[in-house]
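Okay, structure first, notes after.
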Amino acid sequence: MATLESAFNPQYSENASILTGNPDRVTVEVEDSIDADFWRDLLQGLRPHKEFHFDPYHTILKEDGTEQRVHGKTRILASAKDFNQWHIGCVDSDYDWLLSDYTEDGKVITGNKYLLQTYAYSIENLMCLSSSLGDFCCNTTEETTDFDFADYMSRLSQTVYPLLIWSVYLCSQGNETFTPTAWRDVLVNTIRDAEASLAKVAEKTKEIVETLGRDFASETEEKDKLEAKLADEKSVSSNNAYLFVRGHELFDHLLNSVLGPMMTELRQQHYKKLQDSDLDSENRKSTLRAYQAKDGSIKHLLSHNYRYKGQIDLYDKIAQDVSLIW
């Protein structure tokens, strides 16, 4: 039994472009709906004349009528060999860009110009770009903050960097002692205070790094060689490591421990200003209603923080990849 989803393949996309006389129609396979929003913003910004149609993978209907949940990236990479200029794929890099010489997925992505990747671990890492967060706070709360996001994210990077190197090295060896999903136990906690939360991250990181150093002492030299390779070829450093840890956990850390409490306070501060303003009663009510309407979920707003464009070399790499397709 064929499914509607299975009909949208690269040959179909090419034929559709020819039959409709629209060579600028492009089908884009992405991992999930939130990825569609991200890649739509990026691609339409770079190629505004193209007509992008996004196909996020969720569930497959099997021959027996049952549904099967399939990881989007797995599906995209499996069909990537048939991609063309009318049908492309966009994926999170995970560790695959860092390990492009080691993992099969990394080799597939690197060797296919119709596959675009984030280079950072995921789209969430780019949403958390330190240089974008001050403007994000100001725009969403209409208040300014003197919090130094660049310093905080740099210190967070320096804290987790040794563990990132161990994790990437172990994954390069097929060792699952510390896989990307293990970042949740390190980065995410319930402490709604930036410095206290960072101290907790440091405590957990130190403990794990010391354990790995003992358990894999004989592999330290090989790990150090990979570290040098990542620094030389991928520009991974102790100052930007946050871009390469698992993005979901970085996002949750920033949301729970930094942005959540900070933006709640800034919103309350601005709300009080409006209440105490010299506006007449009717205008005050109208202004307060407008501000309340803007007071959306911080998580939702951060998940659409696309201010990374033009602020990071990784964006330039994606833009260059796009130029190789069209």
Q) Picking from Leu164, Leu279, Leu156, which is most flexible by a Gaussian network model of the chain using Cα springs under 10 Å? A) Leu279
Q: Return one whole number: the accessible area per residue of the chain in Å², for a 1.4 Å probe.
A: 48 Å²
**Q.** Per residue convex hull volume, Cα atoms of segment 86-209, in Å³
**A.** 132 Å³
Q) Which value in nm describes the separation of the simple spin-label points at Asp151 and Thr190, placed 7 Å from the Cα toward the beta carbon? A) 3.0 nm
Q | Estimated distance in nm for a label pair at Lys229 and Asp313, the labels positioned 7 Å out from Cα along Cα-to-Cβ | A | 1.9 nm
Q: Check the straight Cα-Cα distances from Lys223 and name the lysines below 28 Å, setting aside those fewer than 8 residues away within the same chain.
A: Lys73, Lys107, Lys200, Lys204, Lys206, Lys234, Lys317
Q: Calculate, for Ala199 and Ser33, the FRET efficiency according to 1/(1 + (r/R0)^6) with r their C-beta to C-beta distance and R0 45 Å; round to the nearest 0.05.
A: 0.80
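At a 1.4 Å probe radius, carbon and sulfur cover how many percent of the accessible area of the chain? List each step's numbers first, then the result.
Details: 7510 of 15530 Å².
The value for the chain is 48 percent carbon and sulfur by accessible area.
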Q) When we measure straight from the Cα of Lys285, which lysines land under 22 angstrom away, once same-chain ones fewer than 8 places off are left out? A) Lys272, Lys273, Lys294
Q | Rounded to whole Å, sorted largest first: equivalent-ellipsoid semi-axes of the chain, Cα gyration tensor | A | 35, 31, 18
Q: Alpha carbons only, please: Rg and Dmax for segment 241-325, in angstrom.
A: 18.7, 58
(Q) I need to check one value: relative contact order of the chain, counting alpha carbon pairs closer than 8 Å and at least 6 residues apart, in percent. (A) 20 percent
Q. What is the distance, in nm, between label points placed 7 Å from the Cα along the Cα-to-Cβ direction at Gln173 and at Gln268?
A. 4.9 nm
Q) Could the peptides 174-186, 209-221 be put in order, highest first, of the mean number of other beta-carbon atoms found within 10 Å of their residues? A) 174-186, 209-221
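The values are calculated or read from the model by the stated rules, or taken from the named source; none is laboratory data. Just so we're clear, the structure is a prediction, and the values are computed from it rather than from any experiment. All Cβ positions, even for glycine, are placed from backbone atoms using ideal geometry, and neighbour counts span all protein chains on display. Ligands, DNA and RNA are stripped out before the accessible areas are found, and what is left, the full protein with its side chains, is counted by its heavy atoms. Shrake-Rupley method; radii C 1.70, N 1.55, O 1.52, S 1.80 Å.
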